[in-house]
1. Can you bin segment 75-148 into rounded, prolate or oblate? Criterion: square roots of the alpha carbon gyration tensor eigenvalues sorted a ≥ b ≥ c, rounded for a/c under 1.5, prolate for a/b above b/c, oblate for the rest.
2. Need the full-extension length gain, residue 23 to residue 114, defined as separation in residues times 0.36 nm minus the C-alpha distance. One decimal, nm.
3. Only counting other Cβ atoms within 10 Å, I'd like 102, 114 sorted with the fewest neighbours first.
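All of the numbers you see were taken from the coordinates with simple rules; none came from a lab. Worth saying up front: this structure is predicted, and the values here are computed from it rather than measured. Cβ sites come from the backbone with ideal geometry, for glycine too, and all protein chains shown count toward neighbours.
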Amino acid sequence: SGETDLDKRMLLSVGPLRLDPGDKQTLTYAYTWSTLSEFPCPDLTDFILETDQVQDFFDNTPTGTHSRQHAPIDFQIYPNPASTEIAVQPAATVNTQGATLHIRDLQGRELERHPYQPELSVSHLPNGLYLVECRLQNGQRSINKLLIAR
C-alpha cells in the first residue's frame, strides 16, 4: 500500500514535581514528530526550530479565563511607525536586568530574541506589523504592536 514503517522514538521528561496528599497538578504535553532522513545521527536543527514554534504557540495562546499572575509591564516603543531603529522605554519603576525583548510576526512566531536594550535596530525587518514583547526575569510581560514602514 506504499506505507513505510516508521521507527518512532520518544523521550519525555517531567519534573521536578512535589505533590502532597490531595494536591492536583495539570500537565500539558505537545509531541512534535519529524521525518529524519539521516540515521542514526540526524541533524536536529529543523526539528529544534519546529519544537520552538510549538513552544511559542503554547506560551502565547490563552488557555482559560483565569487572572494573570503578574500585571503587564508599562513600556513604550517609539517611533511607531519605525523604519530603522526603535527605542524601548519601560516605566521608571521597571527593573530591566535580565529582561528580554521578543519580536514576533502576527501569527505569534518568534522572529528575534534579544537581551533588553533601550535601542534596537529594525532596519532588516520587512515592512509590516509586528508584536514586540518585553519579558522580565520575574515573568511579567507585555506586548506592544510595532509598524515597520519605509
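1. Numbers: a/c = 1.91, a/b = 1.45, b/c = 1.32.
It is prolate, given that a/c is not under 1.5 and a/b is the larger ratio.
2. That pair, residue 23 and residue 114, stretches by 29.0 nm at full extension.
3. Numbers: 102 19, 114 13.
The order, fewest Cβ neighbours first, is 114, 102.
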